[in-house]
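Have a look at this one.
Laboratory data are not the source of any read-out in this text; all were calculated from the coordinates shown. Since the model is a prediction, treat every value here as computed from it, not as a measurement. Note that we place each Cβ from the backbone using ideal geometry, even for glycine, and neighbour counts take in every protein chain shown.
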Amino acid sequence: DVFKPSGLTFQKMVEMRVFNRWGQEIFYTNNAKTGWDGTFKGTPQDLGVYNWIIILANPDGSNKVYKGEVTLIR
């Protein structure tokens, strides 16, 4: 499974970042079709809660920031 935004219609994804519990960025993309697979540099990450931030661009030129948590389970 892959964690990525879904249901984008008129917005364009500017960036998506995932952070571990120490605040280290473990994933970055600016491609809405690419998502986080639970690894960092090819190494599976520990089960747990990870923070994410996604920035979307609206057609009017404004950006909207979304933040949340995702729980990694296997």
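Using label points projected 7 Å from each Cα along Cα→Cβ, tell me how many nm separate VAL2 and PHE40, to one decimal.
Simple spin-label model gives 2.1 nm for this pair.
Would you list which lysines come within 16 Å of LYS33, measuring only between C-alpha atoms, while excluding same-chain residues fewer than 8 positions from it?
LYS4, LYS12
Under unit Cβ charges (Lys, Arg +1; Asp, Glu -1), what dipole magnitude, rounded to 20 debye, does the stretch 1-65 have relative to its Cα centre?
Approximately 80 debye in magnitude.
Net charge near ASP1, counting Lys/Arg +1 and Asp/Glu -1 over other residues with Cβ under 11 Å of its Cβ?
Here the count lands on +1.
Summing +1 for each Lys or Arg and -1 for each Asp or Glu, what net charge is found among the other residues whose Cβ lies under 12 Å from the Cβ of LEU72?
Counting the neighbours of LEU72, the net charge comes to -2.
Give, in nm to one decimal, the length gained when the segment between GLU25 and LYS12 is fully stretched (0.36 nm per residue of separation minus the Cα-Cα distance).
In short, 2.5 nm is gained.
I've got another one for you. What order, most packed first, do the peptides 23-32, 55-64 have when packing is the mean number of other Cβ atoms within 10 Å of each residue?
So the peptides 23-32, 55-64, ranked by packing, come out 23-32, 55-64.
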